[in-house]
1. Between Lys255 and Ala512, what is 0.36 nm times their sequence separation minus the Cα-Cα distance? Round to one decimal in nm.
2. Which distance in nm do the two modelled labels at Ile574 and His550 give, with both placed 7 Å along the Cα-to-Cβ direction?
3. So what's the gap between the Cα centers of region 1-65 and region 515-575, to the nearest angstrom?
4. By how many nm would the segment from Ala41 to Trp532 grow when fully extended, if each residue of separation counts as 0.36 nm and the alpha-carbon distance is taken off?
5. Could you give the nm distance between label points at Trp157 and Asp371, where each point is 7 Å from its Cα heading toward the beta carbon?
6. Return one whole number: the accessible area per residue of region 427-575 in Å², for a 1.4 Å probe.
7. Please turn the phi angles of region 219-229 into ³J(HN,Hα) values with the Karplus equation 6.51 cos²θ - 1.76 cosθ + 1.60 (θ = phi - 60°), one per residue in order, whole Hz, x for glycine and proline.
8. Please work out the ratio of the alpha-carbon Rg of region 37-154 to 2.2 N^0.38 Å and round it to two decimals.
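The values are calculated or read from the model by the stated rules, or taken from the named source; none is laboratory data. Since the structure is predicted, the reported quantities are computational estimates derived from the model, not experimental observations. Heads up, the Cβs are rebuilt from the backbone with ideal geometry, glycines too, and the neighbour counts pull from every protein chain shown. Keep in mind that these areas ignore ligands, DNA and RNA; they rest on the heavy atoms of the full protein, side chains included. Shrake-Rupley method; radii C 1.70, N 1.55, O 1.52, S 1.80 Å.
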Amino acid sequence: MTNRKRPEDLRSHRWLGVSDLRSFGHRSRLRQVGYDTTDWAGRPVIGIINTWSDINPCHTHLRQRAEEVKRGVLQAGGFPIELPAMSLAEVMVKPTTMLYRNFLAMETEELLRSHPIDGAVLLGGCDKTTPGLIMGAISMGLPSIYVPAGPMLRGNWQGKALGSGSDVWKYWDEKRAGNITEAEWDEIENGIARSFGTCMTMGTAATMMAIAEAMGLSLPGASSIPAADSNHPRMATQSGRRIVEMVWEDLTTEKVLDQAAFENAIKVHMAMGGSTNAIIHVVAMAKRAGVQISLADFDRISRTVPVIANVRPSGAFLMEDFFYAGGLRALMSELRGLLDLNCMTVTGRTLGENIEGAKVHLRDVIHPMSDPISSEPATGVLFGNLAPRGAIIKPSAVEKRLLKHRGPALAFEDYNHMASMIERDDLDVTADHVLVLKNSGPKGGPGMPEWGMMPIPRKLVKQGVRDMLRVSDARMSGTSYGACVLHVSPESYVGGPLAFVKTGDPIEVDVAARSINLMIGDEEMAKRKAAWVPPPPRYERGYGAMFSAHIGQADEGCDFDFLAAHVPVPEPEIH
Ligand code: FES
């Protein structure tokens, strides 16, 4: 390759290769660790950003994977440096990991900027870690490769495969309806998460890992490998070898992530029946890369790309099956005619070259384009007087009768209000009602928690109702399903029209027409708007106060206003 870097061109050379007072400090302190010149001189320094922690069950193996990445870096002549970062365990962090995605993005960017790093390996997978790591790496702009944590093995209960999240919601409703005993519930708790790795349904983790690969940021096939499969450590080592070459080739994120790469990612997202959360993350990552992606792009692309991955919650199987079926390379080979195959990837080859020869091995799991698993698309973007800047629905996971629906609102002011009412047997609710949850958006939640799949009122669950139209400014887990209208923008907390909904107001949703409206007339709407009083701030100090002051709305990707700009940041001075 031409324009190959020389050792003195390396970014780390400023720290380690020159002869001055400060470089003496850098080198003498590396010697303090036990390294000597042979370890670093003339070698690319590779930062391994690791989101491992004791409390993140999805990343248990990343401590070991970091060692496997290091092995690859050393084999290729690099100098590996592991840098721990915020772990963001989806199920543990409250009120929601989304509050901290941008924190991880800032941490990633500044870890890379402030240290003598020439290239980055990003170790993540649990929901927000993928976009957080990638957003930071994009803004820093070094050669970077993403190593996905990979999905955990299938769950198992009484001979049935269990899927993360999706089967929790499903069997929780059965328990609420009295169809499952405490002892059986305990068995499910024991069987649903059997190995390290991310959720193995098509949740946000699996969706974002696939999107990262589709954008060209991972080795081909990496995102589908189950975490516990021996292909996974081999992939980690290969990634370590590859990042060293990427540094010499100066193959930066900017050379990989263009408009076509993001469009490829959205197409893959649709074909996978991916998580609605990914929409926010893709918009945010694109902004960081200086690429304009809007909700309208998702809607446009969703109309042309059918769901062909038969994975829960839209389908029947799990990510382990998807791997055996050929994984993402096989899925992308099915989409070949729709993808831009000329996009550059971290391999130094094009996407088309990366998927050369890929085949589908299990037709039940990855369908042909001519036989999609749902006649409905993975994403619909709704607009109307209730969501002037848009709202999201996942038509492929909705009971068909609710795709066009008009019903009276049952409005909850916040999550606690909803939780206090939903189990009451005297709740005045029918299956035709539209559940509305306010104050769950980026500022109101805060952090836009995954509350959008509101529970079906217990009274109705007992009657056999399993889906209802639900509207909120929250997100929902990618493992969730149902007629949930999410991400209503602008959110109610800042005075979006959702704030004005009262119980009994008619709401009309028409997915085919992509519309959502509050049918109370313009005059009444204006009257309620004039009477609306903004709620007090959620935080007086700390990160929460900064978050509230700078967070964008869902349609903008929920990035901080001061981070989203695609402008250069100076290298640190060394004095
Ligand atoms: Fe980590 Fe689902 S909890 S991916």
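1. Contour length minus Cα-Cα distance gives 88.7 nm.
2. Each label point is offset 7 Å from its Cα along the Cβ direction, giving 2.7 nm.
3. The two parts, judged by their Cα centres, are 38 Å apart.
4. 170.3 nm
5. So the two model labels end up 3.1 nm from each other.
6. The answer is 40 Å² per residue.
7. Here the 3J(HN,Hα) series is 5, x, x, 4, 6, 8, 6, x, 4, 8, 7 Hz.
8. Dividing the Cα Rg of region 37-154 by 2.2 N^0.38 Å gives 1.04.
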